[in-house]
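First up is the structure itself, then whatever we jot down about it.
Just so you know, all these numbers are worked out from the coordinates, no wet-lab data involved. Keep in mind the model is a prediction, meaning the values are calculated, not measured. All Cβ positions, even for glycine, are placed from backbone atoms using ideal geometry, and neighbour counts span all protein chains on display.
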Ligand SMILES: Nc1nc2c(ncn2[C@@H]2O[C@H](COP(=O)(O)OP(=O)(O)OP(=O)(O)O)[C@@H](O)[C@H]2O)c(=O)[nH]1
Ligand SMILES: [Mg+2]
């Protein structure tokens, strides 16, 4: 029967970096069940951040990026000999378990994530994360827009109204109504990043009887991300 496992030999390209993107399944329902604050629930984001950190450490990632219900994980060393089925299934289930472990909530259904793999070059890394960050901004404008409209109109009227509006029109409409999206918290506009940072540590070297300074890296969670560009990814050593 082993030869019936026809997808098991599918592998990611050799010598390629990969991004694994996870997306919460039916999280609009989970948001309802858990009564999440609209449009942004800070506790939910804190949990998403913990999931990013767990994934980052377990799979030796070099960068993790999250907004809404999605997480992108950049991996330099490919786990499970590059087997696509194994990478997708293990990482998605690890994320779901981590999500439940960190969430102090009574779930109505077991949460799950879908997962896909994107092989990337260095240039693609910057383009990919800029693309997701643009999506984070679109999501920010749309979700604030629909929340505001639903506070004024019925759900169906609000949905109809927002369908006819362009992104800059929603932004302007909110501004005219006293909501300036430029002033809201950075993570809502640009998402959250997890990466390694170096810090200086000073210790006493007993043998030589001197103070010594060295660099130690630690996992950093960035709630104040800049707008992504090449320099940012160079600075955090994600690309050379
Ligand atoms: N209230 C609230 N909802 C959120 C928050 N973050 C994400 N969500 C919900 O998560 C959904 C994510 O969008 P999608 O991934 O397109 O929708 P989905 O229901 O997960 O559907 P599939 O991914 O296709 O299974 C949003 O539409 C919101 O309903 C939040 O901070 N607050
Ligand atoms: Mg989803």
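Quick rundown of the values:
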| quantity | calculated |
| --- | --- |
| Residue among 219, 210, 126 with the largest mean-square fluctuation in a Gaussian network model of the chain, springs linking Cα atoms under 10 Å | 210 |
| Listed residues 204, 113, 80, most fluctuating in the chain (Gaussian network, C-alpha, under 10 Å) | 204 |
| Most fluctuating residue given options 38, 163, 130, as computed from a GNM of the chain linking Cα atoms under 10 Å | 163 |
| Cα-derived Rg to Rh of the stretch 2-123, Kirkwood definition | 1.01 |
| Computed over the stretch 2-123: relative contact order in percent, which uses C-alpha pairs under 8 Å that are six or more apart | 42 percent |
| Degrees between helix 167-176 axis and first principal axis of the chain (Cα, 0 to 90, nearest 10) | 60 degrees |
| Gap separating the Cα centres of the stretch 214-238 and the stretch 130-162, nearest whole Å | 30 Å |
| Normalised contact order of the chain, rounded percent, pairs of Cα under 8 Å and 6 or more residues apart | 22 percent |
| Normalised per residue, the volume of the convex hull around the Cα set of the chain (Å³) | 203 Å³ |
| Computed [θ] at 222 nm, helices only, for the chain once each DSSP H run of length n ≥ 4 contributes -39500 (n - 2.57) | -13500 deg cm²/dmol |
| Per-residue Cβ neighbour rank within 10 angstrom, fewest leading, 186, 202, 221 | 202, 186, 221 |
| Ranking of 85, 70 by count of other Cβ atoms within 10 Å, fewest first | 85, 70 |
